[in-house]
Amino acid sequence: MLRLLGFLLNQGVATSREYCAPSLDATGLPAFSEETCFGTACGECSAVCPTDAIAVADCSNGANISLDLGSCIGCGMCIRSCTQGTLVGNQSTAIAKESRSDLIISNVERKETASSLNKKGLFSKSIACRVVSTGCSACDLEIAACGNAIFDMERYGIHVVASPRFADVLLVTGPVPKAMHEALKSCYDAMAEPRKVIAVGTCAISGGLHKDGYSQANGVENVLPVDLYIPGCPPHPWSIIDGIRKVMSQEAQ
C-alpha cells in the first residue's frame, strides 16, 4: 500500500492544464498551406480520397480545392499524395463548427469562423449529455476518454447521464443507419426543451464510408436537427470537449 501511495504521489498532476492542446501524436485532419496547387493536371488528392471529400477545379489564379471535413476520415492519403505540399496536417483540436457549410473549406476562399466560449449561454454553468451510439465504437471510446484524469471534462461542467429524460444534449456517434432512425427519434422526443444535438465524428455528420449505402446510413442530419458538428474519425477528446462547450455557450432558440 505504501509503495502504491508513493508511486501515485511521484506522478504529479495528470490532468492537462492546456485547453485544446494540439494532437502531437497524430497527423490530424487536412488543412491548406500557402503552396500553389497544380490543379486538375495533378488531381492525386481527389483520386485517392476514399470518401470523395476533395474536389479540384482549375481557376484563374491556380486551382480551387474544396475539402469537406464532414466527409474526411483523416486517413492522410491526400497529404501523402500531395507533391506540392498544398495539403498539410492540422494538429489543432478546436475544430467543431456550428454550421455544416463551415466544414467545407477551400484554399481560395478561407472562411474564418469564431465561437466564443465565454458567452453566457443557456447551459453555461453545466450540461448533461446522453450518448447515442449508432455503430461507432471508436467515437464512443474517445467520449469515454473525455472523462479520464487527463481531460477531465467534468471540471467544465460536462456530465454524462444514463437517460435522455435528464439530458440537455444528445451526442450522436456512428453513421445512423435506417434501423436506428426511430430509436434516435424516440430518444430525442424523451428530452425536455430546450434540447441540443451534436454530431460526433465523420460518420454522424455525413455517413463517412457508409454513406449512400443500402442501410441509408447518411448521418444524423437527415433524422434530427443538428446544433454542432465535430469532425474527425474519431475526433480527439479535446475536440469533443471544445464542441460541447460551444453548445454550452449557445443561446436558446
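The values are calculated or read from the model by the stated rules, or taken from the named source; none is laboratory data. What you see is a predicted model; the values in this text were computed from it and never measured. Quick reminder, even Gly has a Cβ in these numbers, built from the backbone with ideal geometry, and neighbours come from all protein chains shown.
Here is how the numbers come out for the structure above:
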| read-out | value |
| --- | --- |
| Some residue of the range 218-230 being under 21 Å from Glu18 (Cα atoms), at pLDDT 95 or above and buried (at least 22 other Cβ atoms within 10 Å of the Cβ) | yes |
| Among the residues listed as Arg100, Arg110, the single one being at pLDDT below 95 and not assigned by TED's automatic domain parsing to the domain that holds Leu209 | Arg110 |
| Looking only at the range 134-148, and only at residues there that are farther than 18 Å from Pro231 by Cβ and not in a helix (DSSP H, G or I), the one that is nearest to the chain's Cα centre (by Cα) | Gly147 |
| Any hit, the range 200-207, residues being at pLDDT 95 or above, touching a Cys at 6+ places or on another chain (Cβ under 8 Å), buried (at least 24 other Cβ atoms within 10 Å of the Cβ) and among the small types (Gly, Ala, Ser) | yes |
| Wholly enclosed helices (runs of 4 or more DSSP H) of the range 169-252 bearing at least 1 residues closer than 26 Å to Gln91 by Cβ and charged (D, E, K, R) | 237-249 |
| Options Leu87, Leu103; residue that is out of contact with any helix residue (DSSP H, G or I) (no Cβ under 6 Å at 6 or more places or on another chain) and of a type in the set (A, V, I, L, M) | Leu103 |
| Count of the range 79-97 residues which are assigned to a loop (DSSP other than H, G, I, E, B) and either at pLDDT 95 or above or crowded, with 20+ Cβ neighbours inside 10 Å (or both) | 5 |
| Whichever residue in the range 98-111 is under 22 Å from Pro50 (Cβ atoms) and not hydrophobic (A, V, I, L, M, F, W, C) and, among such residues, is surrounded by the fewest Cβ atoms within 10 Å (Cβ to Cβ) | Ser106 |
| Selected residue [free of Cβ contacts under 8 Å to residues at least 60 places away in the same chain and of a type in the set (Gly, Ala, Ser)] from Ala217, Ala183 | Ala183 |
